[in-house]
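**Q** Input: one structure, supplied below.
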Amino acid sequence: MNIFRLAGDMTHLASVLVLLLKIHTIKSCAGISLKTQELYALVFATRYLDLFTDYISLYNTLMKLIFLVSSFSIVWYIRHHKIVRRSYDKDQDTFRHYFLVLPCFLLALVINEKFTVKEIMWTFSLYLEAVAILPQLVLLQRTRNIDNLTGQYVFLLGAYRSLYILNWIYRYFTEPHYVHWITWISGLVQTLLYADFFYYYFQSWKNNVKLELPA
Amino acid sequence: VKEDPPKDEL
């Protein structure tokens, strides 16, 4: 475990907690894409299949449980909570996220490190995570108004993956045979998707103006 | 068969 990875995991945890906090306290999910949350729940469900078979460390198991429980609770809140669901704007959140699932699955069948069910599901979860933010970014472009918590959520989510890239660079230079092209490329693609959001986030922060994404 | 290293990253 290196500092980049720990910082990455903590940032990822913070992003999920910020979101849960927002939904739980103000009982609203305005500006949040349910599609992205469903994709993230699927990412964790397909990535942590080894939760009960491979014990890595208490930290690893605990974090997996937290991510699974939090991502599914967020989906539950937005879909079923009697107050929160009213603030979900399904007419705006129209990204056809099923069109993301199938290509990622087919790609995982073709490009993977080993042709086993577990490995293919793990690879699928990597590709899906890379594109899972798209419905949320599209929704932000549409609604134009980004409230602070949503902006922080997306920012933390992008920061976590950027820190993971530093972690991969660090591990590449410190651990022999640590080469995972699939992880690195999908992680890089994911981070690049956030690049323009980061740009506008920093602009708004620097000029101390409300975060606006160009249409 | 060399067991491939478990996925230790989240």
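Every number in this text was worked out from the coordinates using simple rules, so none of it is lab data. Just so you know, these numbers come straight off a predicted model, no measurement behind them. Heads up, the Cβs are rebuilt from the backbone with ideal geometry, glycines too, and the neighbour counts pull from every protein chain shown.
**Q** Report the calculated FRET efficiency for A:SER87 and A:GLU113 (r = Cβ-Cβ distance, R0 = 45 Å), to the nearest 0.05. Don't skip to the end; give the middle numbers.
**A** On the way: r = 42 Å, r/R0 = 0.93.
Computed FRET efficiency for A:SER87 and A:GLU113 comes out at 0.60.
**Q** If you build the convex hull over the alpha carbons only and average its shadow over all orientations, what do you get for the range A:1-108? Give it in nm² to one decimal.
**A** For the range A:1-108, the mean projected area of the Cα convex hull comes to 8.2 nm².
**Q** Next question, about the same structure. State, as an integer percentage, the relative contact order of chain A based on alpha-carbon contacts under 8 Å between residues 6 or more apart. Can you show the working numbers first?
**A** Values: 245 pairs, mean separation 66.6, N = 215.
Reported relative contact order: 31 percent.
**Q** Now for a different question. So if we plug the beta-carbon distance of A:SER28 and A:VAL209 into 1/(1 + (r/R0)^6) with R0 = 22 Å, what FRET efficiency do we get, rounded to 0.05?
**A** Once rounded, the FRET efficiency stands at 0.40.
**Q** How are the C-alpha pair distances of the protein assembly as shown spread across 10 Å bins, as whole percents from the shortest bin up?
**A** 8, 32, 38, 18, 4, 0
**Q** I want to verify a result. In a Gaussian network model of chain A, Cα cutoff 10 Å, which of these has the top mean-square fluctuation: A:LYS82, A:LYS27, A:LYS64?
**A** Comparing A:LYS82, A:LYS27, A:LYS64 in the GNM, the peak value goes to A:LYS82.
**Q** Now for a separate question. Taking R0 as 35 Å, what's the FRET efficiency between A:LEU21 and A:HIS177 from their Cβ-Cβ distance, rounded to 0.05?
**A** With R0 = 35 Å, the Cβ-Cβ based efficiency is 0.30.
**Q** Further question: Using a 10 angstrom cutoff on alpha carbons, build the Gaussian network for chain A and name the most mobile of A:THR174, A:THR143, A:THR183.
**A** A:THR174
**Q** Cross-link partners among aspartates and glutamates for A:LYS27, C-alpha distance below 15 Å, same-chain residues fewer than 8 apart left out?
**A** List returned: A:ASP89, A:ASP147.
**Q** Ranked by Cβ crowding within 10 angstrom, fewest neighbours first, how are A:TYR127, A:TYR201 ordered? Walk me through the numbers on the way to the answer.
**A** Numbers: A:TYR127 25, A:TYR201 19.
Result, fewest neighbours first: A:TYR201, A:TYR127.
**Q** Now, a different point. Once every DSSP H run of n ≥ 4 in chain A is given -39500 (n - 2.57) and the sum is divided by its residues, what mean residue ellipticity at 222 nm do you get, rounded to the nearest 500 deg cm²/dmol?
**A** -24000 deg cm²/dmol
**Q** Which residue, chosen from A:ILE66, A:TYR55, A:TYR88, occupies the Cα position most advanced towards the positive end of the dipole of the range A:53-93, where the dipole is computed from +1 (Lys, Arg) and -1 (Asp, Glu) charges on Cβ about the Cα centre?
**A** A:TYR88
**Q** Right, here's the next one. Does the range A:52-165 come out rounded, prolate or oblate, given a ≥ b ≥ c as the square roots of the eigenvalues of its C-alpha gyration tensor, rounded meaning a/c under 1.5 and, failing that, prolate meaning a/b above b/c? Please list the in-between numbers first.
**A** Numbers: a/c = 1.79, a/b = 1.45, b/c = 1.24.
It comes out prolate by the Cα gyration axes.
**Q** Related question: Using a 10 angstrom cutoff on alpha carbons, build the Gaussian network for chain A and name the most mobile of A:LEU68, A:LEU58, A:LEU193.
**A** Among A:LEU68, A:LEU58, A:LEU193, the largest GNM mean-square fluctuation belongs to A:LEU58.
**Q** Which chymotrypsin sites (Phe, Trp or Tyr not before Pro) from the range A:1-77 combine a DSSP loop assignment with at most 13 other Cβ atoms within 10 Å?
**A** A:PHE52, A:TYR55
**Q** Turning to a different aspect of this structure: Inside 10 Å of the C-beta atoms of A:56-63, what's the mean count of C-beta atoms belonging to other chains? Before the final figure, lay out each step's value.
**A** Details: counts 5, 1, 0, 1, 5, 0, 0, 1.
For peptide A:56-63, the averaged partner shielding equals 2.
**Q** Taking the number of other C-beta atoms within 10 Å as the exposure measure, put A:LYS118, A:LYS206 in order starting with the fewest.
**A** Ascending Cβ contact count within 10 Å gives the list A:LYS206, A:LYS118.
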